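Engineer: Provided herewith is a single structure, encoded as structure tokens, for subsequent inquiry.
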Amino acid sequence: MQLSSANVFAANRINLVVAHSAEAKPLRAMFNLRTQLLSRPFPVYQNAEGISLIVSGIGKTSAAAATAYLAGLQASLPACAWLNIGIAGHQHAAIGTGLLAHKIIDAANGDSFYPPQLLQGLQTATVITVAVPEKNYPQDAAYDMEAAGFYACASRIVTTELAQVFKIVSDNPRHTLTSFDIAQVQGLIEGQQSALTRLLGDLDALLASYRKAYTVSPVFEALLTSYRFTATQRVQLQRLCERFHALGLDPALFKISDQPFSTSKQLLLQLELGLAAQVGS
Amino acid sequence: MKFSAIYIEEQVADLPRVQAILARTAPVPVITCERYGEVFNRKAQNFRLQKQAPALILASKFSNFVLPAPPGYGFNSQPSFYFSHMLNCVYDCRYCFLQGMYSSANYVLFVNYENFGAALAKKLATCGEPTVFYSGYDCDSLALEPISRFCEYYLPMF
């Protein structure tokens with residue numbers, strides 16, 4: 001059953017994308033995530049604080065599809081932050097090390113992505129996304145199977161600062177995949193609980209900063225219902241409201257919008273004059 | 001001065017100037033890229049968010065080292081030129097056109113000073129009258145001095 005996205009995701013803030021249910025399980029416990037959508041096409045979980053989690057399945061195509069699917073469910077809602085969490089192999093990092101991706105390389109085609117490094121205090125690494133598990137670790141990098149697909153999709157949905165990838169080292173040349181047991185995933189992710197909590201908090205703060213800067217003033221919506229605008233005038237009005245807001249001139253915007261005008265054209269003219277007067281003063 | 005990260009074009013990674021710059025900066029992630037545009041010119045970047053913690057990009061410029069200053073630039077009575085060894089500014093002045101010039105707030109520093117120097121020397125040699133060379137068109141050329149050592153290289157040329 002699919003619930004109304006507007007109700008389910010009303011408080012959306014951070015979306016987590018994981019490949020495997022074994023990765024989802026400790027995260028569900030960590031953030032008290034409850035089932036929102038059943039298994040088809042992708043299981044989705046959410047908590048009351050606006051953290052959602054989707055289980056994509058293995059591989060970059062699955063990761064991209066799940067990311068797009070969750071974005072579609074939230075299409076009518078404000079932008080939120082995205083985080084791909086998962087396990088990865090590494091050439092030399094110790095098992096259990098948490099790594100924030102600073103560069104993602106799609107091994108299949110050489111495409112590179114560079115998640116902006118605004119989140120401080122975490123060890124970072126290049127993540128190479130491969131189609132089959134990497135057993136030789138040829139480069140100084142983490143090897144996963146989803147990051148490139150996730151990032152290619154997420155960077156079309158949200159500004160790249162709000163899309164990040166966090167990997168936990170599960171295997172390396174001394175502890176290879178052949179000795180790896182899926183049951184170890186829970187411990188690996190739980191071992192990064194404090195880093196994950198801090199990472200989500202930092203992402204949330206960044207999101208709040210973004211939303212504050214780009215939230216359209218309620219005056220805009222109110223004026224749309226009070227006057228008739230052409231499509232061009234509507235764009236002009238939104239742009240003017242954004243400029244008032246960006247310059248910290250919301251009181252001046254409220255004052256002008258409270259005045260009665262005969263036409264939308266007069267209103268727009270007065271807003272332009274008011275802005276010019278404020279900026280020039 | 002601390003950056004959120006330092007991106008380095010592969011072709012300049014081994015230059016002594018790049019190594020010297022790295023030695024002058026606090027330890028942050030150092031990330032290689034093929035061309036600076038991969039990072040700087042990407043779509044879906046947010047200038048305001050990046051301005052909270054800009055990164056430094058060390059790159060090489062290939063052409064247009066010295067260009068004529070635009071008409072009405074304030075130096076109309078004599079020949080005037082500008083050169084951009086750096087893109088973006090460490091400051092955040094409300095009035096400045098650099099607030100919206102680029103999609104990224106990261107700083108690009110072109111480290112092939114010698115190419116700029118050669119182009120400047122050529123221009124200086126052909127200018128027979130007092131000439132203005134402007135260095136801060138796409139940046140504040142002095143603001144990053146502790147890292148770039150811009151003055152140390154360029155001032156002796158004049």
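The values are calculated or read from the model by the stated rules, or taken from the named source; none is laboratory data. Keep in mind it's a predicted model, so treat the numbers as computed, not measured. Neighbour counts run over all protein chains shown; Cβ positions are idealised from the backbone, glycine included.
Engineer: Select, from A:ILE182, A:ILE168, A:ILE189, the only residue that is surrounded by fewer than 23 Cβ atoms within 10 Å (Cβ to Cβ) and farther than 17 Å from A:ASP111 by Cα.
Structural biologist: A:ILE182
Engineer: Examine region B:83-104 for a residue that is at positive phi and either under 11 Å from the mean Cα position of the chain (by Cα) or touching a residue at least 24 places away in the same chain (Cβ under 8 Å) (or both), and state whether such a residue exists.
Structural biologist: yes
Engineer: Every residue in region A:121-135 that is within 11 Å of chain B (Cβ to nearest Cβ) and closer than 12 Å to A:HIS90 by Cβ, please.
Structural biologist: Of everything in region A:121-135, those that are within 11 Å of chain B (Cβ to nearest Cβ) and closer than 12 Å to A:HIS90 by Cβ turn out to be A:GLN123, A:ALA125, A:THR126.
Engineer: Give region A:99-120 a look and list any residue that's surrounded by fewer than 22 Cβ atoms within 10 Å (Cβ to Cβ), more than 9 Å from chain B (Cβ to nearest Cβ) and either polar (S, T, N, Q) or part of a strand (DSSP E or B) (or both), or say none.
Structural biologist: Selection gives A:ILE105, A:ASP106, A:ASN109.
Engineer: Another one. Among the listed residues B:TYR137, B:TYR154, B:TYR82, which satisfies the condition of being surrounded by fewer than 21 Cβ atoms within 10 Å (Cβ to Cβ) and either modelled with pLDDT under 90 or charged (D, E, K, R) (or both)?
Structural biologist: When all the criteria are applied, what remains is B:TYR137.
Engineer: Return the only residue of A:ALA141, A:ALA66 being of a type outside the set (D, E, K, R) and touching a helix residue (DSSP H, G or I) at 6+ places or on another chain (Cβ under 9 Å).
Structural biologist: When all the criteria are applied, what remains is A:ALA66.
Engineer: Residue check: is B:ALA26 more than 18 Å from the chain's Cα centre (by Cα), facing chain A (nearest Cβ under 9 Å) and under 29 Å from A:ASP202 (Cβ atoms)?
Structural biologist: No.
Engineer: Ok, one more. Within region B:45-59, which residues are within 12 Å of A:GLU161 (Cα to Cα) and more than 7 Å from every other protein chain (Cβ to nearest Cβ)?
Structural biologist: B:PHE47, B:LYS51, B:PRO54 - these are the residues of region B:45-59 that are within 12 Å of A:GLU161 (Cα to Cα) and more than 7 Å from every other protein chain (Cβ to nearest Cβ).
Engineer: Also, quick follow-up: For residues in region A:34-56 being of a type in the set (A, V, I, L, M) and farther than 13 Å from A:LEU70 by Cβ, which is modelled with the lowest pLDDT?
Structural biologist: Initial filter on region A:34-56 (of a type in the set (A, V, I, L, M)): A:37-38, A:44, A:48, A:51, A:53-55.
With farther than 13 Å from A:LEU70 by Cβ added as a condition, the list becomes A:38, A:48.
Details: A:LEU38: 73, A:ALA48: 91.
So the residue we want is A:LEU38.
Engineer: It is to be established whether one or more residues within region A:169-189 are within 26 Å of A:MET30 (Cβ to Cβ), at pLDDT 95 or above and in contact with a Pro (Cβ under 7 Å, 6 or more places away or on another chain).
Structural biologist: Yes - at least one qualifying residue is present in region A:169-189.
The rows are residues; the columns are (1) within 26 Å of A:TYR210 (Cβ to Cβ); (2) touching a helix residue (DSSP H, G or I) at 6+ places or on another chain (Cβ under 6 Å); (3) among the polar types (S, T, N, Q); (4) not in a helix (DSSP H, G or I).
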residue: A:PHE229; (1), (2), (3), (4): no, yes, no, yes
residue: A:GLN236; (1), (2), (3), (4): yes, yes, yes, no
residue: A:GLY248; (1), (2), (3), (4): yes, no, no, yes
residue: A:GLN266; (1), (2), (3), (4): no, no, yes, no
residue: A:LEU269; (1), (2), (3), (4): no, no, no, no
residue: A:ALA276; (1), (2), (3), (4): no, no, no, no
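Engineer: Just one of A:ILE87, A:ILE95 is closer than 17 Å to A:GLU23 by Cβ and assigned to a loop (DSSP other than H, G, I, E, B); which is it?
Structural biologist: Exactly one residue qualifies, and that residue is A:ILE95.
Engineer: So is A:GLU242 surrounded by 15 or more Cβ atoms within 10 Å (Cβ to Cβ) and either away from chain B (no Cβ under 14 Å) or on the phi < 0 side of the Ramachandran plot (or both) or not? Walk me through how you get there before you give the answer.
Structural biologist: On the way: surrounded by 15 or more Cβ atoms within 10 Å (Cβ to Cβ): yes; either away from chain B (no Cβ under 14 Å) or on the phi < 0 side of the Ramachandran plot (or both): yes.
Taking the combined requirement at face value, the residue satisfies it.
So that you can scan it fast, the table gives a plain yes or no per residue for (1) within 14 Å of another protein chain (Cβ to nearest Cβ); (2) assigned to a loop (DSSP other than H, G, I, E, B); (3) more than 17 Å from the chain's Cα centre (by Cα); (4) touching a residue at least 24 places away in the same chain (Cβ under 8 Å):
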residue: B:ILE8; (1), (2), (3), (4): yes, no, no, yes
residue: B:LEU22; (1), (2), (3), (4): no, no, no, no
residue: B:ILE31; (1), (2), (3), (4): yes, no, yes, yes
residue: B:GLU38; (1), (2), (3), (4): yes, no, no, no
residue: B:LYS43; (1), (2), (3), (4): yes, yes, yes, yes
residue: B:ASN64; (1), (2), (3), (4): no, yes, no, no
residue: B:GLY72; (1), (2), (3), (4): no, yes, yes, no
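Engineer: Shifting gears a bit: What number of residues within region A:180-212 are touching an Asp or Glu at 6+ places or on another chain (Cβ under 7 Å) and either free of Cβ contacts under 8 Å to residues at least 60 places away in the same chain or within 14 Å of chain B (Cβ to nearest Cβ) (or both)? Give the derivation first.
Structural biologist: So in region A:180-212, the residues touching an Asp or Glu at 6+ places or on another chain (Cβ under 7 Å) come out as A:180, A:185, A:189, A:206.
Right, trim to either free of Cβ contacts under 8 Å to residues at least 60 places away in the same chain or within 14 Å of chain B (Cβ to nearest Cβ) (or both) and you get A:180, A:206.
The qualifying residues number 2.
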